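A short write-up of the structure that comes next.
The values are calculated or read from the model by the stated rules, or taken from the named source; none is laboratory data. Quick caveat: nothing in here was measured; it's all calculated off a predicted structure. All Cβ positions, glycine included, derive from the backbone under ideal geometry; neighbour counts span all protein chains shown. Just the protein is used for accessible areas: all its heavy atoms, side chains included, with ligands, DNA and RNA removed. Shrake-Rupley method; radii C 1.70, N 1.55, O 1.52, S 1.80 Å.
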Amino acid sequence: MATVQAVSGSLTSAERGILTAINSGASSLSLVGSGFIVLCYVLFKELRKFSFKLVFFLALSDMFCSFFSIIGDPSIGYFCYAQGYTTHFFCVASFLWTTTIAFTLHRTVVRHKTDVEDLEPMFHLYVWGTSVVMTVIRSIGNNHHGHISRVGAWCWGQTGLTGKVVHFITFYAPLWGAILFNGFTYFQVIRMLNNATRMAVGMSERGYRSDARPDVKALNRWGYYPLILIGSWFFGTINRIHDFIEPGHKIFWLSVLDVGMAALMGLFNSIAYGLNSSVRRAIYERFDLLPERFRRPRGQQQESELVALKSDNHQ
């Protein structure tokens, strides 16, 4: 494993151990968070709407990404490759599932379409197909005779210039593409609903103003969604750029932020996308934690904060 030590740059054995511990701890939190959302989807039939199904697949991708990040062993060549490729596949899938959620919301709210459920096969082809292609392309420039690159506590399997370029193309290009798409999409959704809310308040009587407040609360929540990917991978992007410019020279504090924030992506996604009002209500009612006066005050189930205003009413 001399090659592994060589590409670890200036990090000491103790520093590498700290990074591995941070990765394992943060990934464990993401595994628990995403696993919780998956469990809720399986247990609660009332959550099995199309909108939450997309959240389920997002959580499933995060769960496997976190799982393989934990079990991968950078000191063993075979497990190093297994960790690198599986985490690459499921992390890219996670990025792409967030774009399907943003697209669904935009198509329902901005374009007033009700055919989003018909697009599910295309979503799967887009997410899983793109993830496979990105993972396969990433093998370009890979030397399977011992040149295994460690990035923080992860294995990437590429050490040369070609490998680093391919890594940027197959991982960070989808990542920042998803960030830009989500940001633009949510900006349009929030702007339209803000305009609609102002018009409704202006044209309605004073008694109707309270009906617009839940929409404003949802808007505030949606505005944070694009920040999850930025916060999770900003330091990782800076670290990769630094490694590209100065190969072999690692900055420990930057590596700590890189490893820790990226490994927490699954936890952030599970809280933002999954732990919404519908999930909380389902849990409270299942375990009799919700006071009787708050249980289904109307015949219709409360809409998820993630769901577009009309999407599930057309089922």
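The helices (runs of 4 or more DSSP H) located wholly in region 225-290 that include 3 or more residues which are open to solvent by less than 20 Å² (accessible area, probe 1.4 Å), modelled with pLDDT of 85 or more and in contact with a helix residue (DSSP H, G or I) (Cβ under 9 Å, 6 or more places away or on another chain) occupy 225-245, 252-263, 265-269. T162 falls short of the stated requirement of being assigned to a helix (DSSP H, G or I), among the hydroxyl-bearing types (S, T, Y), at pLDDT 70 or above and open to solvent by less than 40 Å² (accessible area, probe 1.4 Å). In the condition set (1) modelled with pLDDT under 90; (2) open to solvent by 40 Å² or more (accessible area, probe 1.4 Å); (3) closer than 27 Å to M122 by Cβ; (4) touching a helix residue (DSSP H, G or I) at 6+ places or on another chain (Cβ under 6 Å), F64 is compliant with all but (1). What residue, among those in region 89-142 that are charged (D, E, K, R) and assigned to a helix (DSSP H, G or I), is most open to solvent (accessible area, probe 1.4 Å)? The selected residue is D118.
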